[in-house]
1. Can you tell me which of Pro77, Pro127, Pro146 moves the most in a GNM of the chain? Springs connect C-alpha atoms under 10 Å apart.
2. Test of understanding: in a Gaussian network model of the chain with alpha carbons linked when under 10 Å, which of Trp123, Trp133, Trp150 would top the mean-square fluctuation ranking?
3. Residue by residue, what Karplus-based ³J(HN,Hα) values in Hz, rounded to whole numbers, does segment 117-122 have, using 6.51, -1.76 and 1.60 with θ = phi - 60° and x for Gly and Pro?
4. Comparing Arg22, Arg45, Arg88, which has the greatest mean-square fluctuation in the GNM of the chain with Cα pairs linked when under 10 Å apart?
5. How many nm is it between the label spots at Ala17 and Asp94, if each spot is 7 Å from the Cα in line with the beta carbon?
6. Starting at the first residue of segment 81-86, write each ³J(HN,Hα) from the Karplus equation 6.51 cos²θ - 1.76 cosθ + 1.60 with θ = phi - 60°, in whole Hz, x for Gly and Pro.
7. Mind computing the radius of gyration and Dmax over the alpha-carbon atoms of segment 92-166? Å is fine for both.
8. Looking at [x] 0.99; [y] 1.14; [z] 0.96, which value of Rg/Rh (Cα atoms, Kirkwood Rh) comes from a calculation on the structure shown?
Amino acid sequence: QSNERLQYNNTISYQQAYRTIRAIIQEIDGDEAECFSKIPAYLQRYVEADQDNFAQTQQGEEDSENPGAFQAIFMAPAGTKHAFEHLRPFIRLDGAITKFKFRMQLLTICGIDASDEVLPVAWGLVPIENTKWWTWVLEGFRGCFPNANWEDYVFISDREKGIPASLT
């Protein structure tokens, strides 16, 4: 037995302590599935807050396992959209694994400002980093800036998981 058990006459088993800690963490952080169900209401408030905010979601198709279920989200806040006009013509594309229960990928699109600071311009949360989802995110990104001349921009990436194919 551990010193704490002997010192404090603790009779709680390891499993009871573990379950208690997990219940407290879930109460604090909430259930991830429940958080995803709140996305539509959040997006409605997000767009109402500023009409220049851009967001789109992708739901499961009718013939999929979960028709209508959340699959992905793309966001470009108004502030970063306005700042994009003043960024250098370099765009960094990258993906990162999230630590969600659902193992989603965060795809980010960043620019560099005049002070050499990196500014995240837009991002997408998608189920997997591949050509299909990079294409979906970049279509949303291009839709945010219809007047941009994309031939003048340099796209920088790690050339992984579908980025080169989705840029064409």
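1. Sorting by GNM fluctuation, first place goes to Pro146.
2. With Cα springs under 10 Å in the chain, the top fluctuation among Trp123, Trp133, Trp150 is at Trp150.
3. Running phi through 6.51 cos²θ - 1.76 cosθ + 1.60 with θ = phi - 60° gives 9, 7, 10, x, 8, 7 Hz.
4. Its mean-square fluctuation being the largest, the pick is Arg22.
5. Placing both labels 7 Å along Cα→Cβ, they lie 3.9 nm apart.
6. Whole-Hz 3J(HN,Hα) from phi for segment 81-86: 5, 5, 5, 4, 4, 10.
7. In Å, with Rg to one decimal and Dmax whole: 12.7, 40.
8. So the calculated entry is the one marked [y].
Values quoted throughout were computed directly from the atomic coordinates according to the rules given, and no laboratory measurement underlies them. Treat the numbers as computed from the prediction; the structure is a model and nothing was measured. Note that we place each Cβ from the backbone using ideal geometry, even for glycine, and neighbour counts take in every protein chain shown.
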